[in-house]
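Trainee: Structure below; questions to follow.
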Amino acid sequence: MLGQLVEPHRQTDEKILSVKGLEVSFDGFKALRNLDFSLDYGELRFLIGPNGAGKTTLLDVICGKVKPSGGQVLFKDHIDLSKHQEHQIAQLGIGRKFQTPTVFSTLTVFENLALSMKQQRGLLSALWAKTTSEQRERLHLRLSMIGLADKANERAGSLSHGEKQWLEIGMLLMQEADLLLLDEPAAGMTDSETEKTGELLHSIAAQQTVIVVEHDMEFVRRYARTVTVLHEGTVLREGTMQDIQQDDKVAEVYLGRRVERGA
């Protein structure tokens, strides 16, 4: 079982993310249409929906990769993300992980995490000398949390696909992001790795807020707390997985289609 680093998340009535009337158009095509979406601090939210539903576009807007044509996206109740560039949004506390892991293959697992540490940049030789005992402790705690403590000195390129996914999640955690955006974190994993990833997501949500885009419905059933279903650029349904599974519209536009395709 993956190690845990549990800290209480912020207790507040404020929303960490509020999306109101969001519109995104690409050459006349509306990728997002009057979309309303919000997240509480410490939530683990799964986004599902058929291809083209707007899941990736929503994440692109949140992280600054795409600018909306209308609506509002507020971070921590007052920061208008549309007024910030991608690198500024990362500094504000939003981290994103894409489906394909991107790690420094020739560096060790420990070195990957150390280079990702918030406010730590520069040559690796200088990095270790500047690392405090508190920072080193945090590095080891993150190693334990992502289940790679016994591989700290191995090169990242030698890790399995699942281990690389965990390492990249660990790199995001070292940046101390308040909101993590994860795109299909369990894709391509073995059953055992998938289970560990689900456990890891729940451990992370004890400290930070997490949005997961996922197509593996079995993974969603097992680990989702709240699910948002997107369809044609807007929210179709939101609730527990039981709520989603019992909704006729969801079955028609998404779950039913998967069955028809043999998924």
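Trainee: When you count, for each residue, the other Cβ atoms within 10 Å and take the mean per peptide, how do 181-187, 246-252 rank with the highest first?
Mentor: Listed from highest to lowest mean packing, they are 181-187, 246-252.
Trainee: Calculate the tail of P(r) for the chain: the fraction of all Cα-Cα distances greater than 23 Å, expressed in %.
Mentor: Considering the chain, 53 percent of its Cα-Cα pairs are separated by more than 23 Å.
Trainee: Turning to a different aspect of this structure: So which residue, out of Leu167, Leu39, Leu107, gets the largest mean-square fluctuation from a GNM of the chain using Cα contacts under 10 Å as springs?
Mentor: Highest fluctuation among the options: Leu107.
Trainee: With label points built 7 Å along Cα→Cβ from the Cα atoms of Ser82 and Ala251, find their separation and express it in nm.
Mentor: Label-label distance for Ser82 and Ala251, simple model: 3.8 nm.
Trainee: Which pairs, out of Lys76/Lys249; Lys196/Lys249; Lys20/Lys97; Lys30/Lys55, put more than 21 Å between their alpha-carbon atoms?
Mentor: Lys76/Lys249; Lys196/Lys249; Lys20/Lys97
Trainee: Putting +1 on Lys and Arg Cβ atoms and -1 on Asp and Glu Cβ atoms, find which of Phe110, Ala251, Gly188 reaches farthest to the positive end of the dipole of the stretch 15-260.
Mentor: Farthest towards the positive end: Phe110.
Trainee: Compute the angle between helix 191-204 and the longest alpha-carbon principal axis of the chain, please, reported from 0 to 90 degrees and rounded to the nearest 10.
Mentor: That works out to roughly 90 degrees.
Trainee: Sticking with this one: Report relative contact order for the chain in percent, whole number only (criteria: Cα-Cα under 8 Å, sequence separation at least 6).
Mentor: Normalised by residue count, the contact order of the chain is 28 percent.
Trainee: Follow-up question, since we're still on this one. Provide the gained length on full extension for the span Phe26 to Thr100, in nm with one decimal, where the gain is 0.36 nm per separating residue minus the Cα-Cα distance.
Mentor: Net length gain for the segment: 24.2 nm.
Trainee: Another question, if that's okay. Would you look at the GNM of the chain, springs on alpha carbons closer than 10 Å, and say which of Glu168, Glu43, Glu238 moves the most?
Mentor: Per the Cα network of the chain with a 10 Å cutoff, Glu238 tops the list.
Trainee: Here is a further query. Fewest Cβ neighbours within 10 Å first, please rank Lys83, Lys164 accordingly.
Mentor: With the fewest neighbours first, Lys83, Lys164 line up as Lys83, Lys164.
Trainee: May I ask you to evaluate 6.51 cos²θ - 1.76 cosθ + 1.60, the Karplus curve with θ = phi - 60°, for each residue of the stretch 234-249 and list the ³J(HN,Hα) values in order in whole Hz, giving x for glycine and proline?
Mentor: Working through the residues one at a time gives 9, 7, 8, 7, 9, x, 6, 4, 5, 4, 5, 5, 8, 8, 5, 5 Hz.
Trainee: Between His231 and residues 5 or more places away or on another chain, which pairs have amide H atoms under 5 Å apart, with H built 1.01 Å from N, and which residues are they?
Mentor: Leu236
Trainee: If you don't mind, there's one more thing I want to ask. On a 0 to 90 degree scale, rounded to 10, what angle separates helix 133-145 from the longest Cα axis of the chain?
Mentor: 50 degrees
Trainee: Where does the chain land at 222 nm, in deg cm²/dmol rounded to the nearest 500, when only DSSP H runs of n ≥ 4 count, each adding -39500 (n - 2.57), divided by all residues?
Mentor: Only helices count here, giving -9500 deg cm²/dmol.
Trainee: Follow-up question, since we're still on this one. Can you give the charge dipole size of the chain about its Cα centre, rounded to the nearest 20 debye, using +1 on the beta carbon of Lys and Arg and -1 on the beta carbon of Asp and Glu?
Mentor: Result for the chain is approximately 600 debye, rounded to the nearest 20.
Values in this text are rule-based calculations from the coordinates and carry no lab data. Predicted, not measured: the structure shown is a model, and the values here were computed from it. Ideal geometry is used to build each Cβ from the backbone, glycine not excepted, and the neighbour counts take in all protein chains shown.
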